[in-house]
1. Could you check how many residues of the stretch 124-149 are without any contact (Cβ under 8 Å) to a residue 12 or more places away in the chain and open to solvent by 40 Å² or more (accessible area, probe 1.4 Å)?
2. What is the residue count in the stretch 118-136 for residues that are more than 19 Å from Pro168 (Cα to Cα) and assigned to a strand (DSSP E or B)?
3. Return the total of residues in the stretch 77-94 being assigned to a loop (DSSP other than H, G, I, E, B) and aliphatic (A, V, I, L, M).
4. Sort out for me the strands (runs of 3 or more DSSP E) sitting completely within the stretch 302-407 that have 1 or more residues that are open to solvent by 30 Å² or more (accessible area, probe 1.4 Å).
5. Go through (1) open to solvent by less than 20 Å² (accessible area, probe 1.4 Å); (2) over 12 Å from Leu72 (Cβ atoms) one by one and return the number of the condition Arg109 breaks.
6. Considering each residue of the stretch 208-251, count those that are free of Cβ contacts under 8 Å to residues at least 40 places away in the same chain and within 25 Å of Arg291 (Cβ to Cβ), and give that number.
7. Going through the stretch 179-197 one residue at a time, which ones are surrounded by 20 or more Cβ atoms within 10 Å (Cβ to Cβ) and not hydrophobic (A, V, I, L, M, F, W, C)?
Amino acid sequence: MRISRLAAAATAAVMTAGGLVLAGAGAASADTVDYRPARTIPDYYDWDEMVVAVDIANDGTTYTLNKHGLELRVFGPKANGKKAKPIRVLGVPQQLSDARDVAVDSQGRVYVLDLLESTKSRVRVWARGATGPVLRTLNVPGYSTDVAVSAAGHVVVAGERTVRVYAPGASGDATPLQTLSGVASGLPQWTTGVALDSWGRVWVSSSNTLLVYARGATGQDAPVATIAGSRTRLRGTAEIDLDAKNRVYVSDADAGISVFSPSRYGNVAPLRELRGRKSGLDWGLVGVNARGDVITKRSRTSIGIFRTLFPTRPSAVRSVRVTRKASAKKRTVRWKKPADDGGRDVRSYKVVIRKGSKVLKRVTLKPGRRSYTVRKSALRRGKLTVTVRAKTAKGWSPKAVKRFRVR
């Protein structure tokens, strides 16, 4: 197993019986999407260089473990193409020995699971933007393969039929808050993925099955729910990760990413799947940030970064203003792009100028525009209103309104 699990904060919400929705005959079929990545970063087919684990931060910074887990390469949020270079490299010299997995939390701290020997592992933690020594080290007994970190900083480590949950900031030989272990727990001998959702539930993947353990589960507690069966279309489950809404992203041997609801269990179809010729996915890696942007293996030489599979309408444009004096011969409307484009690029802006209910000017502008100038002769004296909206593939943003006067 190789990969990060960015999960939402482990809050105090307790899972009740009402929170379990078992699959029924009416479960929805999957919505399959296929589109090209927004950008790519290089992988290396050479065995000594190839990427073995990945993750993506909320700001789009990406992380790849290379050189048999000896190097953690950090790529900036705009890195793109086969010639993209890391902005920094962590783990050298001698800070990593045989890293297996990487995770990043909501604050940008980076967690790398490093295997020391068959009976000892450790989690190395770097601060956001760090270029030097680690912030802290958490020692973990046993042979560990997977690490996950919640937005609140809870660290989950999985190994040979064992899952441990540590408190935020845990370091040294800290005692875990929970330890799931043993045959009766239903844990596989080797997990292929682990995650912690905002209800405090532990998710574990193995083969073609997802296991869900209740908040606070420990010892040999059995899972409270599973996702498995023909309708899931899972084939050789590899990695899992969660977005901020606890949706569960699973990579599988069919070279696709399947996303499951966090509250429907049993033999259920995924909410959505990413697969096809355009996406061109390979099997194995998956990392997800809070919004649901995905990083995954795309080919022998390419790692793909995909915008969210669940785009929404953009937020309102920002800082709308009308420059020049009220008596000027021309007035210029200016604005800034939306703080959140909803996961899809802005396609156009619409500017509408009114006096009362009368439309004086209506224009649609290209996505690169951030201003529009209109002559005074096209306007009317008095109090006017301008609205600016952004459009993406998911529709229009809310109206941003600014009032101004013409003399």
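1. Of the residues in the stretch 124-149, the ones without any contact (Cβ under 8 Å) to a residue 12 or more places away in the chain are 132.
Those left that are additionally open to solvent by 40 Å² or more (accessible area, probe 1.4 Å): none.
Qualifying residue count, the stretch 124-149: 0.
2. Matching residues across the stretch 118-136 total 1.
3. First pass over the stretch 77-94, keeping only residues assigned to a loop (DSSP other than H, G, I, E, B): 77-87, 91-94.
Filter once more, so that each one left must be aliphatic (A, V, I, L, M): 79, 84, 87, 92.
Final tally of qualifying residues: 4.
4. Numbers: elements: 302-306, 318-323, 330-336, 348-355, 358-365, 371-375, 382-392, 400-406.
So the answer is 318-323, 330-336, 348-355, 358-365, 371-375, 382-392, 400-406.
5. Here Arg109 meets the rest and fails (1).
6. Looking only at that region, the number is 2.
7. Step one: list which residues in the stretch 179-197 are surrounded by 20 or more Cβ atoms within 10 Å (Cβ to Cβ), which gives 180, 185, 187, 191-197.
Residues satisfying the conditions are Ser185, Thr191, Thr192, Gly193, Asp197.
Yes/no per residue for (1) farther than 22 Å from Pro270 by Cβ; (2) of a type in the set (A, V, I, L, M); (3) out of contact with any helix residue (DSSP H, G or I) (no Cβ under 7 Å at 6 or more places or on another chain); (4) modelled with pLDDT under 95:
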{"position": "Ala30", "(1), (2), (3), (4)": "no, yes, yes, yes"}
{"position": "Pro37", "(1), (2), (3), (4)": "no, no, yes, no"}
{"position": "Ile41", "(1), (2), (3), (4)": "yes, yes, yes, no"}
{"position": "Thr64", "(1), (2), (3), (4)": "yes, no, yes, no"}
{"position": "Gly76", "(1), (2), (3), (4)": "yes, no, yes, no"}
{"position": "Ala79", "(1), (2), (3), (4)": "yes, yes, yes, no"}
{"position": "Tyr111", "(1), (2), (3), (4)": "yes, no, yes, no"}
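The values are calculated or read from the model by the stated rules, or taken from the named source; none is laboratory data. Quick caveat, the model's predicted, so the values are computed rather than measured. Positions of Cβ are generated from backbone atoms using ideal geometry, with glycine treated the same way; all protein chains shown enter the neighbour counts. SASA here: full protein model, heavy atoms, side chains in, ligands and nucleic acids out. Shrake-Rupley method; radii C 1.70, N 1.55, O 1.52, S 1.80 Å.
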